[in-house]
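Report on the structure given below.
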Amino acid sequence: MLQAFRERFGSAAGLRIFRAPGRVNLIGEHTDYNLGFVLPVALDLACYVGASPSGDGRIRVWSENRRELREWPAAEIAQLRPSGDWSDYVVGVAQELIRAGIPIQPRNLMVRSAVPEGAGLSSSAALEVSCARALLEDRAVDPLELAQWCRHAEGTFVGMPCGIMDQYVSVFGREGAAIRIDCRSLEHEAVTLPPGVVFLAVNSMAKHALANSAYKERTRECAEAAERLGVASLRDASAERLETAHLPDPLGRRARHVVTENARVEQFVAACREGDVPRMGRLFLESHASLRDDYEVSCAELDFLVETAAGLPGVHGARMTGGGFGGCTVNLLRPDAADEFAGRISSAYQGRFGVIPRIYSCRPANGAEEITNFESIPAPG
Ligand code: ADP
Ligand code: MG
């Protein structure tokens, strides 16, 4: 990346590189904005941002992935309006820092991300958090605030209202562990994953246009369900209360998903601690069924991937992960079954949809950090 930086900007003097991971959510889907529980892991797939002083008062951002450059006078960053493209994530984060009283220095930035865009592995949070860290340099900030600035940037400047999960785990991820986040108290605990399992994400390569509008619609439906139930958020609704309330359809099913999914997070954490892998797998399948039938955010591609996975040897369970309507499934399996799984799910999916799915190994990694060994940064592409 040092060489690429020098070629792009002419100089790499004072170059520092920061990394922030993508994530896969193991369980707890669409619970974050209902102030419930989620259990993501930070991935070793990450976004790397190199930064060095530009020396001319300007901020430049080159995305290697997009092969696009954006630049502005550093003094004008605070006044910029959203442009509707990827640079909004960067400018949005810079504006949050400025609002927090942190001056933004003129920098050349180079973005190289190994997190696939729009696959539900949170390339957006990886981009936000890595840029924020690069712009902060040595300034120590409260890591929770850092996550909140990034989330706020995405919700307001980018215009994609989202829960706190993605940015949170990109900051707080821990090698070898999943992070159980209480999205109300914003506290977390690391949950060590049992030995003898691996997680693979399978990218359906589908991106249905419905995703954004449905996300906003579900947010509204959940707020309305909570109001009718007389609770501050669905986090506070009990299964009993839900049953006696007889909410009209689809509000009843939406709320049931959130209530049962929160319970599944707790059960999954307990199963992790007990090393009860078959139970972890069953909870994956139950979560998927709930997202498909009650929350209605799955699609034919994801359902096919989950059903196919469930019938393959060494697979304990599978479910869609992320917002839905495309993106990835997450699969829990025996390590020795991984190769056969990859081959078989790939050919089955290709046979049905004519598309080769991409498969990622989900190794739980640390959250955002500065990279001192530049050799460890993956090559582009
Ligand atoms: P996800 O977070 O699941 O990958 P999002 O739609 O939330 O999907 O975020 C994807 C968007 O983030 C892209 O459309 C792009 O605007 C931005 N993005 C992510 N990574 C990069 C990158 N390396 N270079 C430029 N833009 C990026
Ligand atoms: Mg995202």
Exercise for the section: Quickly run through region 69-111 and pick out the residues that are more than 26 Å from I377 (Cβ to Cβ), away from ligand 1 (no atom under 16 Å from the Cβ) and in contact with an Asp or Glu (Cβ under 8 Å, 6 or more places away or on another chain). Expected result: A100
Practice task
Taking D85 as meeting all but one of (1) away from ligand 2 (no atom under 16 Å from the Cβ); (2) surrounded by fewer than 18 Cβ atoms within 10 Å (Cβ to Cβ); (3) outside any strand (DSSP E or B); (4) at negative phi, write down the number of the exception.
Solution key: (1)
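Being out of contact with any Cys (no Cβ under 7 Å at 6 or more places or on another chain), surrounded by fewer than 20 Cβ atoms within 10 Å (Cβ to Cβ) and either more than 23 Å from V24 (Cβ to Cβ) or not assigned by TED's automatic domain parsing to the domain that holds E340 (or both) is true for just one of G311, G230, G275. Which residue is that?
Working: G311 fails: either more than 23 Å from V24 (Cβ to Cβ) or not assigned by TED's automatic domain parsing to the domain that holds E340 (or both); G275 fails: either more than 23 Å from V24 (Cβ to Cβ) or not assigned by TED's automatic domain parsing to the domain that holds E340 (or both).
Answer to the selection: G230.
Might you check whether a residue that is modelled with pLDDT of 95 or more and part of a strand (DSSP E or B) occurs anywhere in region 269-286?
Looking only at region 269-286, we keep the residues that are modelled with pLDDT of 95 or more, and these are 269-286.
Add one more test, that the residue is part of a strand (DSSP E or B), and what stays is none.
No, every residue in region 269-286 fails to be modelled with pLDDT of 95 or more and part of a strand (DSSP E or B).
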Practice task
Report, by residue number, each residue of region 322-381 that is free of Cβ contacts under 8 Å to residues at least 40 places away in the same chain and touching a Gly at 6+ places or on another chain (Cβ under 6 Å).
Solution key: A337
Fill in the blank from the handout: Within region 153-175, restricting to residues that are modelled with pLDDT under 95 and in a loop (DSSP other than H, G, I, E, B), the one that is farthest from ligand 1 (Cβ to nearest atom) is I164
Problem - Some residue of region 7-20 being under 30 Å from A237 (Cα atoms) and either of a type in the set (V, I, T) or in a strand (DSSP E or B) (or both) - result: no
Fill in the blank from the handout: How many residues of region 234-262 are under 22 Å from the mean Cα position of the chain (by Cα) and either farther than 14 Å from L291 by Cα or not in a helix (DSSP H, G or I) (or both)? The answer is 2
Handout entry: Residue count for region 3-31, restricted to those that are surrounded by fewer than 21 Cβ atoms within 10 Å (Cβ to Cβ) and either within 16 Å of ligand 1 (Cβ to nearest atom) or within 19 Å of V297 (Cα to Cα) (or both)
Key = 2
Problem - Candidate set: region 179-189, residues that are surrounded by fewer than 16 Cβ atoms within 10 Å (Cβ to Cβ) and outside any loop (DSSP other than H, G, I, E, B); chosen: the one nearest to ligand 2 (Cβ to nearest atom) - result: D182
Exercise for the section: May I ask you to list the residues in region 132-163 that are within 22 Å of E29 (Cβ to Cβ), more than 12 Å from ligand 2 (Cβ to nearest atom) and surrounded by 24 or more Cβ atoms within 10 Å (Cβ to Cβ)? Expected result: A147
Exercise for the section: Residues being assigned to a strand (DSSP E or B) and more than 26 Å from the chain's Cα centre (by Cα): count how many of those fall in region 53-82. Expected result: 6
Fill in the blank from the handout: Here the residues within region 108-121 that are within 10 Å of A20 (Cβ to Cβ) and within 11 Å of ligand 2 (Cβ to nearest atom) are V115
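Free of Cβ contacts under 8 Å to residues at least 12 places away in the same chain, over 22 Å from G155 (Cβ atoms) and outside the structural domain of E217 (by TED's automatic domain parsing): which single residue out of E64, E68, E7 fits that description? Explain how you work it out, then say what you get.
Values: E64 fails: free of Cβ contacts under 8 Å to residues at least 12 places away in the same chain; E68 fails: free of Cβ contacts under 8 Å to residues at least 12 places away in the same chain.
Sole residue among the options that is free of Cβ contacts under 8 Å to residues at least 12 places away in the same chain, over 22 Å from G155 (Cβ atoms) and outside the structural domain of E217 (by TED's automatic domain parsing): E7.
In this structure, does G176 turn out to be touching a strand residue (DSSP E or B) at 6+ places or on another chain (Cβ under 6 Å), within 16 Å of ligand 2 (Cβ to nearest atom) and within 20 Å of A318 (Cα to Cα)?
Numbers: touching a strand residue (DSSP E or B) at 6+ places or on another chain (Cβ under 6 Å): yes; within 16 Å of ligand 2 (Cβ to nearest atom): no; within 20 Å of A318 (Cα to Cα): yes.
So G176 does not fit the description; no.
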Exercise for the section: Answer yes or no as to whether L80 is of a type in the set (A, V, I, L, M) and closer than 20 Å to G323 by Cβ. Expected result: no
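Would you be able to say whether some residue in region 46-53 is within 30 Å of P357 (Cβ to Cβ), hydrophobic (A, V, I, L, M, F, W, C), within 16 Å of ligand 2 (Cβ to nearest atom) and surrounded by 24 or more Cβ atoms within 10 Å (Cβ to Cβ)? If you could, list the steps in order and put the result at the bottom.
Let us first name the residues in region 46-53 that are within 30 Å of P357 (Cβ to Cβ), namely 46-49.
Now narrow it down to the ones that are hydrophobic (A, V, I, L, M, F, W, C): 46-47, 49.
Narrowing further to those that are within 16 Å of ligand 2 (Cβ to nearest atom): 46-47.
When the remaining residues are screened for being surrounded by 24 or more Cβ atoms within 10 Å (Cβ to Cβ), the result is 46-47.
There is at least one residue in region 46-53 that is within 30 Å of P357 (Cβ to Cβ), hydrophobic (A, V, I, L, M, F, W, C), within 16 Å of ligand 2 (Cβ to nearest atom) and surrounded by 24 or more Cβ atoms within 10 Å (Cβ to Cβ).
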Practice task
Determine, yes or no, whether A206 is touching a helix residue (DSSP H, G or I) at 6+ places or on another chain (Cβ under 6 Å) and within 30 Å of G343 (Cβ to Cβ).
Solution key: yes
Handout entry: Count of region 111-158 residues which are β-branched (V, I, T), more than 24 Å from R66 (Cα to Cα) and under 16 Å from the mean Cα position of the chain (by Cα)
Key = 0
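The values are calculated or read from the model by the stated rules, or taken from the named source; none is laboratory data. In this text, all values refer to a predicted model and were calculated from it rather than measured experimentally. As a convention, Cβ positions derive from the backbone with ideal geometry for all residues, glycine included, and neighbour counts pool all protein chains shown.
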